[in-house]
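What follows is a single structure, written as C-alpha cells, with notes after it.
Read-outs throughout are calculated quantities, based only on the coordinates presented, and are distinct from any laboratory measurement. Fair warning: this is a prediction, and the values are worked out from it, not measured in the lab. Note that each Cβ is placed from the backbone with ideal geometry, even for glycine, and that neighbours are counted across all protein chains shown.
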Amino acid sequence: MEEPEDLGTAWRACNLYKELLLELSELDLETEAARYNIALAQGMALGSTWAAYCLNDFLRTRRFIKGIHTAVAHLLTTRKNRPVHLLYAGTGPFATLVLPLLYCFRPEELQFTFLEINPISYHNLQKLLEHLDLMDYVRRLEPADATTYRIPPGETVDIVLSETMQAGLRREVQVPIFWNLLSQEAARQAIPIPERIELFMGAYRSNYEPSDSPPKAVKFGSYFRLDRDHIPDDRSGDTLPSARIKVPNNLDDGFDQLVIFTEIDIFQKQRLRHGDSGLTTPLIIRDIHRNPVKGQFINIRYYLREDPGECIEITNDPL
C-alpha cells in the first residue's frame, strides 16, 4: 500500500525545486516578453513566466512526476533492447515534470524529444540541459508547435506527455496536441500522460464543512473525454458533438453552484480530483440558489477555437 501524502513535505519540496531551477536559469520572469502568451489556431501557449509558475501547483507537480516515473519503470520491465522514448510536448522553460527523472534513469534507458513553441522557454531549457550536462538524454529538442508537429519517419514514441491545460480544458492546447500526436503511426502504442481527462457537469456546495454528512459535490454526467480511445478520425472541425444532461429533480437544496468538474488520471494510481490542483478547480457556471436548475436539461459541448472551452444552453425542453 502506498504511503499517505505528506502535503507539507510535498509543498516544501516543490518550493525548493522551483528555487533551484530559477537559480540555475538565466530566465527573468518579470519581463514583458516572458509573460507573453502565444496565440495558436486552437488555443494558446503559455508565456514562460506562467509556465514556470505552474511549479506552485505542488500536488500537480508531485503526482505527475510520480506517474511519469512509474510509466517509464513499467516500460523498462517489458523491453531490453532499446531505451524508452518519451515525447514531451510543451516543456516550458524547465521541463519541470521530467527533469528529476534524468537522475533516476541512464541515457541508455530513457531518451527524450522535447517540443516547445515559446522561444524564450525553448532557449532557457536548452541552456539548462547543457548546464546540467544532460544532453545525452536528448534525442531532439525542437522549437515546434506540438499541435501540428510530425514525428520523424522511423521513430517510435513510447510515452506522449503534455500538461498544457487549465481547468475545464479552457484556453490552452491540450486537446489538439493529443489529437495530433496520438493519431500518428509512431505513437499509436504510446502511453498518453495524462491517461484520461474528463469533464463533468455537476453541482457544488460552496459552504461545505468537513463534518457535514451530505457530499460536497455531485456529478450529473460527463460531456467530454480525452484519452487514447477518444481520438476522432475527423479533426477538421472546431465544435464537437453536444451532450445532453438532465439535472435531477431531487437535487439537494444545499448545492448552490452549477459547476464543471475536471478529473485527471495521470498514470495508474496518480490522479487529480476536484480540490487537488488548479487544473481541477470546479468552474462555476451559475448560482443555482438564485437561478434553480432542478429538472432542467443542459446542452453542453466542448469547442476548439482560439479560446477553447464550453458552450452551454439550459432549457426546460427535453427534446
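Using Cα atoms only, what is the angle between the long axis of helix 58-76 and the major principal axis of the chain, expressed in degrees (0 to 90) to the nearest 10? Once rounded, the angle reads 60 degrees. For helix 119-131, what angle does its Cα long axis make with the longest principal axis of the chain, in degrees from 0 to 90 and rounded to 10? In the chain, helix 119-131 runs at an angle near 50 degrees to the longest axis. Angle of helix 7-24 to the longest C-alpha principal axis of the chain, folded into 0 to 90 degrees and rounded to 10: 50°. Note on region 84-241: Rg/Rh from C-alpha atoms, Kirkwood Rh, equals 1.05. Rounded to the nearest 20 debye, the dipole magnitude of region 7-315 is 880 debye, with +1 charges on Lys and Arg beta carbons, -1 on Asp and Glu beta carbons, and the Cα centre as origin.
Using 0.36 nm per residue and subtracting the Cα-Cα separation, the extra length available between residue 208 and residue 50 on full extension is 53.8 nm. If the elastic network links every pair of Cα atoms under 10 Å, which of 92, 309, 295 fluctuates the most in the Gaussian network model of the chain? Evaluated over the chain, the most mobile residue of the options is 295. Could you estimate the translational diffusion coefficient of region 164-208 from the Stokes-Einstein equation, with Rh from the Kirkwood formula over C-alpha pairs, at 25 °C and 0.890 mPa s, in whole µm²/s? The Stokes-Einstein estimate is 193 µm²/s. Here the label points at residue 16 and residue 156, each 7 Å from Cα along the C-beta direction, are separated by 3.9 nm in the simple model. For region 236-319, the normalised intensity computed at q = 0.18, 0.21, 0.25 Å⁻¹ comes to -0.96, -1.13, -1.23 (log10 of I(q)/I(0), Debye sum over alpha carbons, equal scatterers, no solvent).
Pairwise Cα distances in region 7-315 exceed 23 Å for 59 percent of all pairs. Rg then Dmax, both in Å and based on the Cα atoms of region 158-261: 17.1, 51. What separates the Cα centres of region 174-229 and region 145-162 is a distance of 22 Å. Under the simplified labelling scheme, the residue 33-residue 189 pair shows an inter-label distance of 4.4 nm, with each label point 7 Å from Cα along Cα→Cβ. Helix-only arithmetic for the chain: the sum of -39500 (n - 2.57) across DSSP H runs with n ≥ 4, divided by the residue total, places the mean residue ellipticity at 222 nm at -6500 deg cm²/dmol.
For trypsin sites (Lys or Arg not before Pro), the sites in region 110-198 that DSSP calls loop and that have at most 12 other Cβ atoms within 10 Å are 150, 188. Pairs exceeding 21 Å between alpha-carbon atoms, taken from 216/294; 216/246; 18/127; 219/294; 216/269: 216/269.
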